[in-house]
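The values are calculated or read from the model by the stated rules, or taken from the named source; none is laboratory data. Since the structure is predicted, the reported quantities are computational estimates derived from the model, not experimental observations. Please note: Cβ atoms are built from the backbone with ideal geometry, for glycine as well, and neighbour counts cover all protein chains shown.
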């Protein structure tokens with residue numbers, strides 16, 4: 001492994017995803033005392049026990065799969081890979097959105113799939129789809145189960161039974177063309193396993209979203225994912241060179257290699273298709289040499305508005321870092337409140353002396369050869385020096401990097417203590433960014449205050465483009481006990497409408513699924529939806545693939 005590689009990120013998860021939360025429960029660290037104190041100041045005492053019910057108490061309906069249908073599936077993949085036991089069905093009863101977790105935690109998995117089928121290659125996936133079309137079975141492709149927008153919800157779409165197609169066995173590194181810098185993987189490979197296979201050969205993909213430990217590569221492609229280093233490496237849709245897809249009418253293959261002008265780009269059609277057009281079985285991605293060095297540091301800006309202007313100057317000058325993240329005043333305040341000991345006290349005193357009473361934290365990270373990091377970091381910091389930002393050193397940057405994948409575990413801790421927490425993300429042009437920021441925060445705050453549960457709002461910018469940037473907001477509020485789903489739905493409706501009205505996209509990297517589907521008319525228009533429906537009908541004439549996702553009903 002090259003010096004300076006991310007050794008802590010290359011360890012695949014030791015256990016499967018827990019059915020009622022995120023990841024491996026052994027990796028939960030509890031709620032830090034400083035975080036609890038902050039939440040109690042903002043939201044009130046954290047009392048009561050809101051832990052999930054036991055697995056045996058989770059309700060599922062009897063499987064609707066007939067013996068004939070089951071035999072047809074067993075003939076393709078073998079009896080060991082056609083499962084309908086209680087645990088397996090509960091584990092595949094949705095993704096990791098807040099509504100998914102609220103339902104399962106209280107014992108409701110009534111929508112669980114009737115059976116989970118695990119093929120091991122493209123041929124088996126294709127034959128399973130043939131059997132499902134023949135027997136009128138709905139199919140939900142399932143990668144890592146990390147969707148936070150209802151993307152793997154077991155919707156039946158009017159079919160009597162539903163098959164969840166678990167792609168976890170499609171996990172091989174099929175080919176690595178070191179000369180071209182292209183790697184082909186099975187679509188079910190998890191993020192750490194893919195990165196480990198590449199690092200052994202001296203390469204990296206550089207795609208590290210917060211769901212990295214559990215995401216599948218095919219799922220990342222199907223949802224057009226962005227990683228924490230996408231400002232340097234690019235989004236997943238910029239990294240995909242080729243795809244192999246099984247559809248109910250046959251194979252759709254987009255060869256990788258040089259650019260082509262042979263008609264519309266079918267690769268782009270499959271990117272973000274969320275399993276409604278076909279099942280991705282192989283993904284070819286562009287890779288680059290693994291970094292020799294990785295460096296993180298931190299600055300602070302005097303305000304969120306001035307910090308955003310600084311980010312615009314950086315990206316339009318080509319001086320951005322690989323990782324770049326600007327927290328607003330509230331998120332920075334929450335992070336500084338957890339800086340303990342004399343170092344935390346000294347940092348806050350230093351910021352006050354510099355006239356930064358309400359600072360905004362800016363995290364920066366660079367990767368590459370030593371010369372590349374030195375040259376790019378010098379260019380970034382030269383621009384920062386002219387923009388009134390104040391450096392606070394590498395320890396703050398490294399502290400952020402050390403906990404960069406821990407957020408989903410913290411959500412489990414908060415739900416246990418009666419705190420409802422969710423995230424939303426959007427993006428827009430630089431000229432509209434300030435108005436979008438205010439509109440979304442106002443929508444969340446107004447909605448929750450009207451329900452008697454005023455929130456704590458934490459916002460940051462984490463993906464930059466010459467023309468604009470993304471916003472990522474986390475909201476926390478006391479659970480409206482017994483009406484948590486209604487509480488969440490009220491915020492989702494208000495923020496979706498606010499985003500559209502302020503000129504933002506309904507999703508920058510979380511995809512559409514069920515949760516963002518009501519705003520697809522606003523996003524692409526009726527003609528755009530008609531085109532997508534036509535493609536859906538051509539590739540999936542019986543409509544068995546991932547019913548209800550992405551496409552709203554025709555008006």
Notebook entry, point to check: In this structure, does residue 46 turn out to be under 21 Å from residue 87 (Cα atoms), in contact (Cβ under 8 Å) with a residue 60 or more places away in the chain and either exposed (fewer than 14 other Cβ atoms within 10 Å of the Cβ) or more than 27 Å from the chain's Cα centre (by Cα) (or both)?
Noted result: no
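Given 410, 414, 364, which one is touching a strand residue (DSSP E or B) at 6+ places or on another chain (Cβ under 7 Å), surrounded by 14 or more Cβ atoms within 10 Å (Cβ to Cβ) and part of a helix (DSSP H, G or I)? Can you show your working first?
Numbers: 410 fails: touching a strand residue (DSSP E or B) at 6+ places or on another chain (Cβ under 7 Å); 364 fails: part of a helix (DSSP H, G or I).
Residue meeting the stated conditions: 414.
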Checklist line | Matching residues in the range 138-163 - criterion: being more than 28 Å from residue 192 (Cα to Cα) and under 28 Å from the mean Cα position of the chain (by Cα) | finding: 138, 155, 156, 157, 162
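Can you pull out the helices (runs of 4 or more DSSP H) entirely within the range 72-156 that have at least 2 residues that are under 26 Å from residue 249 (Cβ atoms)?
Numbers: elements: 86-91, 98-105, 122-135.
Of the helices (runs of 4 or more DSSP H) lying wholly inside the range 72-156, those with at least 2 residues that are under 26 Å from residue 249 (Cβ atoms) span 122-135.
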Next item on the list: State yes or no: is residue 253 touching a strand residue (DSSP E or B) at 6+ places or on another chain (Cβ under 7 Å), in a strand (DSSP E or B) and not assigned by TED's automatic domain parsing to the domain that holds residue 140?
Entry: yes
Next item on the list: Only residues that are under 19 Å from residue 244 (Cβ atoms) and either surrounded by fewer than 21 Cβ atoms within 10 Å (Cβ to Cβ) or modelled with pLDDT under 95 (or both): list them for the range 194-214, please.
Entry: 197
Next item on the list: Only one of these is surrounded by fewer than 16 Cβ atoms within 10 Å (Cβ to Cβ) and outside any strand (DSSP E or B): 537, 505, 495. Name it.
Entry: 537
Next item on the list: Check 168, 186 and return the single one that is in contact (Cβ under 8 Å) with a residue 40 or more places away in the chain, under 24 Å from the mean Cα position of the chain (by Cα) and surrounded by fewer than 20 Cβ atoms within 10 Å (Cβ to Cβ).
Entry: 168
Next item on the list: Could you check, for the range 347-361, whether at least one of its residues is more than 27 Å from the chain's Cα centre (by Cα) and modelled with pLDDT of 90 or more?
Entry: yes
Check: Given 397, 434, 482, which one is touching a helix residue (DSSP H, G or I) at 6+ places or on another chain (Cβ under 9 Å) and either surrounded by fewer than 21 Cβ atoms within 10 Å (Cβ to Cβ) or assigned to a helix (DSSP H, G or I) (or both)?
Finding: 434
Margin query: Please go through (1) under 22 Å from residue 461 (Cβ atoms); (2) over 19 Å from the mean Cα position of the chain (by Cα); (3) surrounded by 20 or more Cβ atoms within 10 Å (Cβ to Cβ) for residue 545 and return the number of the only condition it doesn't satisfy.
Written below: (1)
